[in-house]
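Below is one structure; the comments refer to it alone.
No lab work stands behind these numbers, since they all come straight from the coordinates. None of the values given here were measured: they were computed from a predicted structure. Cβ sites come from the backbone with ideal geometry, for glycine too, and all protein chains shown count toward neighbours.
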Amino acid sequence: MYYGPDFGALQREDPEIAQVLLDEVDRVRGGLQLIASENFTSPAVLAALGSTLTNKYAEGYPGRRYYGGCEVVDRAERLAVRRATTLFGADHANVQPHSGASANLAAYAALLQPGDTMLAMALPHGGHLTHGSKVNFSGRWFDVVSYGVRRDTELIDYDEVRDLARRRRPKLIVCGATAYPRLIDFGIFRGIADEVGAWLMADVAHTIGLMAAGTIPSAVPYADVVTFTTHKALRGPRGGGILCTAELAAKVDRAVFPFVQGGPLMHAIAAKAVAFGEAMRPEFADYGRRVVENARTLCEALEGMRPVSGGTDTHLALIDLRALGVTGAEAERRCAAAGITLNRNAIPYDPEPPAITSGLRVGTPCVTTQGMGVEELREVGTLVSRAVRYPETADEVRERVSELVAKHQPYLSEL
Ligand SMILES: Cc1ncc(COP(=O)(O)O)c(C=O)c1O
């Protein structure tokens, strides 16, 4: 007999935590969720996450575990690996990383020794903390050289990447970003890596869902190692993963376990398998297409605000607020007051400090999962714009936001 999540049991045993769960559902249903790195998983993914698989210790890999009784959970991990390799056309997949940051740590561990040189995108230009920030292990343990975007186009400066690679001879080049709205030319990165004899890693934490959907070109044919998260546009559980060539498979597996992690989260791995399965369906290709279409529409509808690089090719946009004289922090607060959740974000060459910033980052994975289309996104753009520019209209905007989300509630119907 199946034993699954029983909310009644939680309410009886721990009403305080039960109330947190209820309030969080109310929060997401009560406003617009425009955080580019979030999504709403399917009920099937949630069911796998809330399962008894959380109880199982399974250090090692299917068929090679350090604990007994793993023959059942082995099936979940084999399915997750098979689906990931099929979905992305990769030689090998490791589905055990607990998060995107753990996946990156493991990828570095597979390819580098402490003190080695790596070349990656600077955090203030859209790179991630794990790409060499001084406050992160990556910046402390490696000799990091950073590239950025051009001032005029706000696109990756491939000439700078090539120049730095030739001069500094990194052992690893990292491409991929956390706040870059445009397509990344993995072919150019591959060429530069080959020229200087470096490994190429693509951290596609943000865009893996769009690659799964076939909406944007995949990094897999170009990179030696691809790291990703499963909880952003891919719409799976919170977690990470690594795809790599057959040549690096054993190194990557050893780097994840036993180097970086202990026992894998088997409930999360089962949920990742469910999400990969969902992403293989034709509906997901349609979802990816609509996410990008919605992001473009949102960009165009943000009156008085300038999208960095002039627009987007992906699920997210970066908005320069300087012409309005409103900081990112203040705009984030004004949107929150109007029922719109998003995050402030540094823009390239930002004159403001990271805690303030001159920009906002907006994304469409959540609203698209909720069923909103271009018509709604046009209105969402107007609402964000009004909330930021005319804070005195916060109550009116909030009312309209409520009406809009009331028609597109997450978790009320089958997604
Ligand atoms: C490019 C990139 N890499 C890695 C990560 C880290 O993922 P996680 O938060 O799961 O550790 C993120 C998360 O935002 C990201 O955008």
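Provide the percentage of antiparallel DSSP beta bridges, counting only those with both residues in the chain; round to the nearest 5.
Working: 21 of 37 bridges.
Beta bridges within the chain, antiparallel portion: roughly 55 percent.
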Across the chain, how many lysine pairs, 8 or more positions apart or on different chains, have C-alpha atoms separated by under 20 Å? Please give the number. 4
Provide the descending list of Cα extents for the chain along its principal axes, expressed in whole angstroms. 63, 61, 37
If the label point sits 7 Å along Cα→Cβ of residue 160, residues of region 104-142 with amide N under 15 Å come out as 119-128
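Using 0.36 nm per residue, how much length does the chain from residue 322 to residue 392 gain when fully extended, once their Cα-Cα distance is taken away?
23.2 nm
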Based on the Cβ-Cβ distance from residue 22 to residue 44, what FRET efficiency comes out when R0 is 25 Å, to the nearest 0.05? 0.70
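I'd like the antiparallel share, as a percent to the nearest 5, of DSSP beta bridges with both residues in region 137-239. Let's see the in-between values first.
Numbers: 1 of 8 bridges.
Once the DSSP bridges in region 137-239 are tallied, antiparallel ones form about 10 percent.
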Using C-alpha positions alone, give me the convex hull volume of region 365-415 per residue in cubic angstrom. 72 Å³
Calculate the spin-label point distance for residue 113 paired with residue 382, positioning each point 7 Å from the Cα along the beta-carbon direction, and give it in nanometres. 6.3 nm
What's log10 of I(q)/I(0) for region 52-279 at q = 0.07, 0.10, 0.15 Å⁻¹, Debye sum over Cα points only, no solvent? -0.21, -0.42, -0.93
Förster-model FRET efficiency, 51 Å R0, residue 402 and residue 250, C-beta, rounded to 0.05: 0.45
Quick one: order 244, 70 by neighbouring beta-carbon count within 10 Å, fewest to most. 70, 244
Out of 21, 343, 89, whose Cα points farthest toward the positive end of the dipole of the chain (charges: +1 Lys, Arg; -1 Asp, Glu; placed on Cβ)? 89
